[in-house]
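Take a look at the structure below.
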Amino acid sequence: MNNPATAHLELPQLQAIVRAMYEVAMTDGVHDAERVMLRGFYDSCQQDAQALTSFDDLIKTPFDLHAIAQTFSTPEQEAALLHSCLLLAYADGNYSSAERDKIASFAVALGVSAADLAQLEDAVSDHLLQQISRITNMDALREVAGKMSEK
């Protein structure tokens, strides 16, 4: 799978990513951690790109998966969308089956294979585990790792 970190994203792609992330968040109810992550991400992008559309206006836009998929033209951009959605799905501590199904539907619309999506899922899971590996409470770390590996 292509590296999402190498993707060059313009405002339309960033806005599409936020819309897709919000759609994922809504699958099992938007949690505070997800809302904070989304708003912070878009506010930063909005300021950098000098976008006029507010976060609240952006998430009111009806979600159109086909139109979203047409916004991305490179495998790196597609990976960036899926990677961002995966990070959001883990933000509440539970990558639910509903979120998994939603992200899988995005992958299908983008033409990303199930194997490439699984590779991205593993990369995000590994990244998040590395971030918490400094935790001294090993029992808690094992519990989180167990929940993340339950797919």
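The values are calculated or read from the model by the stated rules, or taken from the named source; none is laboratory data. Here the structure is a predicted model, which is why all the values come from computation and not from measurement. Every residue, glycine among them, receives a Cβ derived from its backbone with ideal geometry; neighbour counts consider all protein chains shown.
Quick look at the numbers
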{"quantity": "Residue match in region 93-103 (condition: in contact with a Pro (Cβ under 9 Å, 6 or more places away or on another chain) and in contact (Cβ under 8 Å) with a residue 40 or more places away in the chain)", "calculated": "no"}
{"quantity": "Residues located in region 64-105, provided they are of a type in the set (Asp, Glu), touching a helix residue (DSSP H, G or I) at 6+ places or on another chain (Cβ under 8 Å) and not in a loop (DSSP other than H, G, I, E, B)", "calculated": "Glu76, Glu78, Glu99"}
{"quantity": "Residue in region 32-44 that is of a type in the set (D, E, K, R) and touching a residue at least 40 places away in the same chain (Cβ under 8 Å) present", "calculated": "yes"}
{"quantity": "Within region 1-34, considering residues that are outside any helix (DSSP H, G or I) and among the charged types (D, E, K, R), the one surrounded by the most Cβ atoms within 10 Å (Cβ to Cβ)", "calculated": "Asp28"}
{"quantity": "Of residues in region 77-115 being acidic (Asp, Glu) and more than 26 Å from Leu11 (Cβ to Cβ), the one surrounded by the most Cβ atoms within 10 Å (Cβ to Cβ)", "calculated": "Asp92"}
{"quantity": "Flag if Glu78 is among the charged types (D, E, K, R), modelled with pLDDT of 90 or more and in contact with a Gly (Cβ under 8 Å, 6 or more places away or on another chain)", "calculated": "yes"}
